[in-house]
Amino acid sequence: MIKTSDEKYLRAIYQISQAEQGQKATISELAYYLDLKPPTVLERLKILQAEKLITYKKTSGIHLTKSGQKEAMNVVRKHRIWETFLHKVCKFSWSEVHELAEQLQNVNSEKLIDRLYTLSGEPQFDPHGDPIPSKTGVLPSSQRRPLLNSVEGCKCVVLGVNEDSTDFLNYLTELNIGLNERLNVEKLFSFDGSVKVKYKNSVTAVLSSKVAEKIMVTCIKANCLCKV
């Protein structure tokens, strides 16, 4: 059984590599993600490498080994099931569940996680739209892309977000944009990359490129010209 501190690192490495589309994670990225100093991160990486959970070289970055990937997926599964249970059953908002799940994911009881999963309706995605791995580490398929990659006139549905900070989620809540929201892309502004969307029949909002990059959607119309 891996240590709680190791679980946190493995999940962070996995999250960063996913954000970089499978590319390496760096010490600076990991330190920023965990809000730690780089020397502290480096010391823990040496331990993880000795345990054969990661490989690390300054030139090639941090990579999960096969066993490290397996452990990381197990932590991700626990975290996302906890988030879903807290949101669906306990009725916490999607901006509250991440921090709570960070604490609760350290409970190492497969029986408990299985029960939470059942009580939550055996979901495939968590409250932020992230896929929940199966026990064997398989992720459900999802045709997600950033809203930023849309073309004018596109009609799309919000499948999730790739940013789970409280400030960002509260911002979307104030705009009344959530999962499964239908968005009509009315205009793209070349000056700053912002996107004007219409939703709920008559509500409009101009989203900055930073925000549009973090909202993950899928096109309603087949063969849409939007970039994947």
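Annotations
- Scan of segment 154-184 for residues that are surrounded by 13 or more Cβ atoms within 10 Å (Cβ to Cβ) and part of a loop (DSSP other than H, G, I, E, B), ordered by number: CYS154, ASN162, GLU163, ASP164, ILE177, GLY178, LEU179, GLU181
- Annotation: LYS187 fulfils all but one of (1) surrounded by 15 or more Cβ atoms within 10 Å (Cβ to Cβ); (2) part of a strand (DSSP E or B); the unmet one is (1).
- Output for segment 14-53, where each listed residue is in a loop (DSSP other than H, G, I, E, B), under 24 Å from PRO131 (Cβ atoms) and under 18 Å from the mean Cα position of the chain (by Cα): GLU20, GLN21, GLY22, GLN23, LYS24
- For the condition over 22 Å from VAL158 (Cα atoms), not acidic (Asp, Glu) and not in a helix (DSSP H, G or I), LYS111 does not qualify.
- Index of the failed condition, TYR56 passing every other in (1) in a strand (DSSP E or B); (2) within 30 Å of SER109 (Cβ to Cβ): (2)
- Top-ranked residue in segment 100-128 [being of a type in the set (Gly, Ala, Ser) and surrounded by fewer than 16 Cβ atoms within 10 Å (Cβ to Cβ); ranked as farthest from GLN143 (Cα to Cα)]: SER109
- Total residues in segment 1-13 satisfying the condition of being part of a loop (DSSP other than H, G, I, E, B) and surrounded by 17 or more Cβ atoms within 10 Å (Cβ to Cβ): the figure is 1.
Bear in mind these aren't lab numbers, they're just calculated from the coordinates by the rules spelled out. Just so it is clear, the model here is predicted, and its values are computed rather than measured. Backbone-built Cβ (ideal geometry, glycine too); neighbour counts: all protein chains shown.
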